[in-house]
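The structure appears right after this line, and notes come after that.
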Amino acid sequence: MNTSSHYPNAPIAQPIARHTLAVIVDNEPGVLARIAGLFSGRGYNIESLTVSETEHEKHLSRITVVTSGTAAVIDQIKAHLDRLVPVHRVVDLTLQGEALERELALVKVVGKGEHRVEAMRLAAAFGARTLDASLTSFVFELTGTTEEIERFIKLMTAVGLTEVSRTGIAAMSRGPEAM
């Protein structure tokens, strides 16, 4: 008998996990809106969203969506995506193992004196490229994992961070197999 609940068939709480989904779709007007509408209409959150045409001859685009939910919710999201007409394939990169994930960030820092020197030191430590520099500001470009980007932004906040632009996650499974 289950003593943790007063109800004999009470559902066991499932853990919420972050999943990265790669969705191959026709590159046509309205497809992104339909996919975003699927998420919002069912109350699912999109943590990151990137899209670009990847197969020009076939007019196919790849949408990478990062979302969180229980295993049942993720399965439901994938099933709903699979039923959309412009969707060709849905792959849960999280289930395929350690997917390679990268994000690009442009980070503007304004400062003088020691703050300027420290911004340059931090950028070099993270391997960020300087895209623009003036006597009072820098724009750095950094590519890395979401965690690396977050750490860089947090450190730059202390030396004069004024603006951030991020691409969202681009992801791909490891190994020789294609999606």
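Report the dimensions of the chain along its three principal axes from the alpha-carbon atoms, largest first, rounded to Å.
66, 56, 34
With θ taken as phi - 60° and the coefficients 6.51, -1.76 and 1.60, list the Karplus ³J(HN,Hα) couplings across the stretch 82-95 in order, rounded to whole Hz; mark glycine and proline as x.
4, 7, 5, 4, x, 8, 9, 8, 10, 10, 8, 5, 5, 6
Tell me which of THR145, THR94, ALA119 sits at the most positive position along the dipole axis of the stretch 45-160, charges placed on C-beta atoms (Lys, Arg +1; Asp, Glu -1).
Farthest towards the positive end: ALA119.
Can you list which of the trypsin sites (Lys or Arg not before Pro) found in the stretch 16-46 are DSSP loop residues with at most 13 other C-beta atoms within 10 Å? Spell out each step's value before the answer.
Numbers: sites: ARG18, ARG34, ARG42; in loops: ARG42.
The qualifying sites are ARG42.
Find the accessible area per residue for the chain; the probe is 1.4 Å, ligands and nucleic acids are left out, and the unit is Å².
On a per-residue basis, 61 Å².
Give me the percent of the accessible area of the stretch 1-139 that comes from carbon and sulfur atoms, probe 1.4 Å, all protein chains in place.
Numbers: 4730 of 8480 Å².
Carbon plus sulfur share of accessible area: 56 percent.
Would you list LYS78, LYS112 from the most to the least accessible area, probe 1.4 Å?
Details: LYS78 35, LYS112 145 Å².
Putting LYS78, LYS112 in descending order of accessible area: LYS112, LYS78.
Starting from the coordinates of the alpha-carbon atoms of the stretch 12-87, obtain the Kirkwood hydrodynamic radius over all distinct pairs and give the value in Å to one decimal. Walk me through the numbers before you get to the answer.
Working: mean 1/r = 0.0774 Å⁻¹.
In the stretch 12-87 this quantity evaluates to 12.9 Å.
The stretch 98-179: D in µm²/s via Stokes-Einstein (Kirkwood Rh, Cα pairs, 20 °C, 1.002 mPa s)? Provide the component values of the computation, followed by the final result.
Working: Rh = 13.4 Å.
In µm²/s, the coefficient rounds to 160.
Using the Kirkwood formula on the Cα atoms of the stretch 107-146, what hydrodynamic radius do you get, in angstrom to one decimal?
When all Cα pairs of the stretch 107-146 are included, the Kirkwood radius is 10.2 Å.
What is the dipole size for the chain, taken about its Cα centre, with +1 at each Lys and Arg Cβ and -1 at each Asp and Glu Cβ, in debye to the nearest 20?
300 debye
The values are calculated or read from the model by the stated rules, or taken from the named source; none is laboratory data. This one's a predicted model, so the numbers in the text were calculated from it and none came from an experiment. Virtual Cβ from ideal backbone geometry, glycine too; neighbours counted across all protein chains shown. Just the protein is used for accessible areas: all its heavy atoms, side chains included, with ligands, DNA and RNA removed. Shrake-Rupley method; radii C 1.70, N 1.55, O 1.52, S 1.80 Å.
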